[in-house]
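Reviewing the structure listed below.
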Amino acid sequence: MASKLYRNHLYDAASAALAGLQTAVESSTDCDRVVLAAVLERVGDLQRLEERPPTWCAPWLNSVTESDLAHVLADYLAETASWPVPEGRVTLQTTEAPDDEFVSDDGLAFALQRRDEVESAQAAIMRLSLKRGRAPIELTGWGELAAATRAWESALATVLDRATAETLLGERVILSERHGWLAHLPDRVTPSEGDETTAATFAREDGIGEPDDEALHTYLRSGELQTYIEGYAAETPAFAEILAMTISSLRDLGELGTAIAPRLWLKRYEQRANEAIHYIVPSARLAAADTQRDAAQHDVDLGTIAGLATTINVSLHLVGAKVILRVDADGELKEVRIGDGACHSANADGCWEAECVRTGAPLTIRIEDCVGGVFQDALVFDAEG
Amino acid sequence: MMLPERELAFPNGLVVPVRTVKLTSWQYHILKHPLGVKRDARSTGDDPEGWGDIVPPVVEQGWRAQVFSELSAIATATGRCELPEVHGKKPRKHQAEIYACHSCPEAVARLCERATHGERPVGQRYANTAQSVLDSLVTGVTVTRAAYQMAVARCARQPELVRGVSVLAIGTVPSRDQKLVAQFRRGDGLLLEFFVHQSGRSATWRTMYRVPCENSALLSFLLKLPLSTGAELSETCVVARQWWERHGI
């Protein structure tokens, strides 16, 4: 019931503000940074509510330059310095001063709400950047703002628990429920003088909450944190949409790296399960490998693959026309197979290796663990350019 | 302290009768807000909420040190001021969680009141500021929430217009245990709050503090309204008449 009330309140407020902001936008061709920030915050709110912003927003935001966005990020960075960090543990009400001693007097509630509005603006900026084929981390000030908000959250985690923060956030709590930046706050604040380790650190190590840039980068690069990232995406459609845009944009730009996990996830997300995954290899090497003149080599690190009874790390080695599949496993496997080549035991280095000849047709990789779990997919190697 | 000075009836139906604010509670707010006993690990300076920057200023340069000097000299048979900051000390972690003002003996609170309402009348100016916010809205215009939010957002390019906004809105706030509150917001970051009783026929002062903010943060501050309960009293808000007639319509 409260959730619906909060949702309606947020939706109505964002819609009314955007209606007014439209007039401000249309009154001048200059991009005013206050107007831009205000629009980004409300558009981000609507996106997080999975609602469509008014139709004028997208074309106007498309006309905004990276320099305009950098100004907004700089303003936010300056603002984070004004957000308070109470010196004592935060409680909503004390028995000594019923009805009177509410911590939100400190402006803490407002700062938490602003933190969440910045989160909305960041979500809108991320979506805008990805549409342009750019990673938001490339924007001037993006990394600094992320570091500043994280530092504030870490400081808060020593005095503010999540439930109290949720109450202080008011209706905005529905935008960050269960996951999101609020998860960086601990369940309970333990008053322990001199203990510098924050609960936020533990939350991140446990893989709780909305993945930050660092976690996302790790996943995209190596496939690590697959369960965490993909689990979060499964529960959060807005994040899944952003993840899909990130993977496909980076792939199109040739900056995705070689990890297979993000590609597999994107295939499932886009419901293209039967398609082979394409890897681009340098054309000169591929040509050399084709002719087998000098047995040119090219390595493709597929990274971590989750879902089997044992953790595995997989790589491919193209040596001449041969493709060698190497699997490092923490435990036992039953079979490793690529094309028509198979392997049923680890070598002296503890590595499982199977090989076949590359023909240009999709190559099927199949890895089976000892309890019947199977990973199987098909790859195609394309020449660069 | 009597706040407001006289009974006020607002155009949305809210009535705020004259009430006496409990002495210890009033002194707590004066010390915490204009006198800057803020307990924020990041705040620097004597005036973190910027009460010296508003017009007219509530606190002036050097007042805090002089008032603290008077307070630290208080010694009665029943006790002394127990705020560590007054004695030039930082509160320990457990002390930082609750202000000693709430359990202050009345004799000490009276002397505290004298120190803040006499030669350096920070308490009186704080009350005057609250009264001026209330007065500016007694003759205000009742408009829908959406109309107000649109009008403020429309002024986003003109900070001087945004800073001129005053608004009263009634609703619930989760951190007040869903109690009905009346919030008065002003474009210089002032927030004044009353608990509302008897469907708006009565109200009691709760707090007044300042959130110094600018740019999109100020816009956000002014656009925030408590949750509407669906009742007529909270479906609309009251905006200062002059501002509305110039910029709202």
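Select from segment A:156-170 the residues that are within 23 Å of the chain's Cα centre (by Cα) and open to solvent by 30 Å² or more (accessible area, probe 1.4 Å) and list them in ascending order.
Of everything in segment A:156-170, those that are within 23 Å of the chain's Cα centre (by Cα) and open to solvent by 30 Å² or more (accessible area, probe 1.4 Å) turn out to be A:R162, A:E166.
Criterion first (in the same structural domain as A:E79 (by TED's automatic domain parsing) and crowded, with 20+ Cβ neighbours inside 10 Å) does A:A19 satisfy it?
Values: in the same structural domain as A:E79 (by TED's automatic domain parsing): yes; crowded, with 20+ Cβ neighbours inside 10 Å: no.
No, not satisfied.
Among the residues of segment A:224-238, write down those that are of a type outside the set (D, E), within 16 Å of A:L264 (Cβ to Cβ) and not in a helix (DSSP H, G or I).
If the condition is that a residue be of a type outside the set (D, E), within 16 Å of A:L264 (Cβ to Cβ) and not in a helix (DSSP H, G or I), then A:L225 is the only one that fits.
Just to be sure I understand, how many residues within segment B:5-25 are open to solvent by less than 20 Å² (accessible area, probe 1.4 Å) and modelled with pLDDT of 95 or more?
The qualifying residues number 4.
Could you identify the single residue in B:L192, B:L219 that is in a helix (DSSP H, G or I) and touching a residue at least 24 places away in the same chain (Cβ under 8 Å)?
After ruling out the rest, the residue left standing is B:L219.
I'd like to verify a number: residues in segment B:181-199 that are buried (at least 21 other Cβ atoms within 10 Å of the Cβ) and over 23 Å from B:Y28 (Cα atoms), how many?
1
Given the conditions (1) hydroxyl-bearing (S, T, Y); (2) open to solvent by 10 Å² or more (accessible area, probe 1.4 Å); (3) within 24 Å of A:P84 (Cβ to Cβ), report the number of the one that B:S228 does not fulfil.
Here B:S228 clears every test but (3).
Checking the conditions here, which among A:V90, A:V118, A:V72, A:V103 is open to solvent by less than 10 Å² (accessible area, probe 1.4 Å), modelled with pLDDT under 90 and more than 7 Å from chain B (Cβ to nearest Cβ)?
Details: A:V118 fails: modelled with pLDDT under 90; A:V72 fails: modelled with pLDDT under 90; A:V103 fails: open to solvent by less than 10 Å² (accessible area, probe 1.4 Å).
On inspection, the qualifying residue turns out to be A:V90.
Here are the criteria: (1) assigned to a loop (DSSP other than H, G, I, E, B); (2) under 21 Å from B:G118 (Cα atoms); (3) among the charged types (D, E, K, R); (4) in contact (Cβ under 8 Å) with a residue 24 or more places away in the chain. Tell me which single one B:E70 does not satisfy.
All conditions pass for B:E70, except number (1).
Give, as residue ranges, the helices (runs of 4 or more DSSP H) completely inside segment A:13-92 that count at least 1 residues that are hydroxyl-bearing (S, T, Y).
Hits in segment A:13-92: A:66-80.
Of everything in segment A:26-68 that's open to solvent by less than 70 Å² (accessible area, probe 1.4 Å) and of a type in the set (V, I, T), which residue is nearest to A:D12 (Cα to Cα)? Spell out how you get there, then give the answer.
As a first pass, look at segment A:26-68 and keep what is open to solvent by less than 70 Å² (accessible area, probe 1.4 Å): A:28, A:31-32, A:34-49, A:51, A:53-54, A:56-58, A:60-61, A:64-68.
Imposing the further condition that a residue be of a type in the set (V, I, T) reduces the set to A:34-35, A:39, A:43, A:64-65.
On the way: A:V34: 21, A:V35: 19, A:V39: 14, A:V43: 12, A:V64: 25, A:T65: 29 Å.
Checked segment A:26-68; the qualifying residue nearest to A:D12 (Cα to Cα) is A:V43.
Among residues belonging to segment B:205-231 that are of a type in the set (V, I, T) and within 9 Å of chain A (Cβ to nearest Cβ), point out the one that is farthest from B:V162 (Cα to Cα).
Applying the filter and picking the extreme gives B:T207.
Sort out which residues of segment B:195-213 are out of contact with any helix residue (DSSP H, G or I) (no Cβ under 7 Å at 6 or more places or on another chain) and under 26 Å from A:V34 (Cβ atoms), and write them in order of number.
Across segment B:195-213, the qualifying residues are B:R210, B:P212.
Which one of A:A38, A:A70, A:A16 is under 18 Å from A:D116 (Cβ atoms) and of a type in the set (A, V, I, L, M, F, W, C)?
Going through A:A38, A:A70, A:A16 in turn, just one is under 18 Å from A:D116 (Cβ atoms) and of a type in the set (A, V, I, L, M, F, W, C): A:A38.
If you check B:S216, B:S166, B:S220, B:S202, which single one turns out to be open to solvent by less than 30 Å² (accessible area, probe 1.4 Å) and at pLDDT below 95?
Going through B:S216, B:S166, B:S220, B:S202 in turn, just one is open to solvent by less than 30 Å² (accessible area, probe 1.4 Å) and at pLDDT below 95: B:S202.
The values are calculated or read from the model by the stated rules, or taken from the named source; none is laboratory data. Quick caveat, the model's predicted, so the values are computed rather than measured. Note: ideal-geometry Cβ built from the backbone for every residue, glycine included; neighbour counts use all protein chains shown. To get the accessible areas, we keep the full protein, side chains included, count just its heavy atoms, and leave off ligands, DNA and RNA. Shrake-Rupley method; radii C 1.70, N 1.55, O 1.52, S 1.80 Å.
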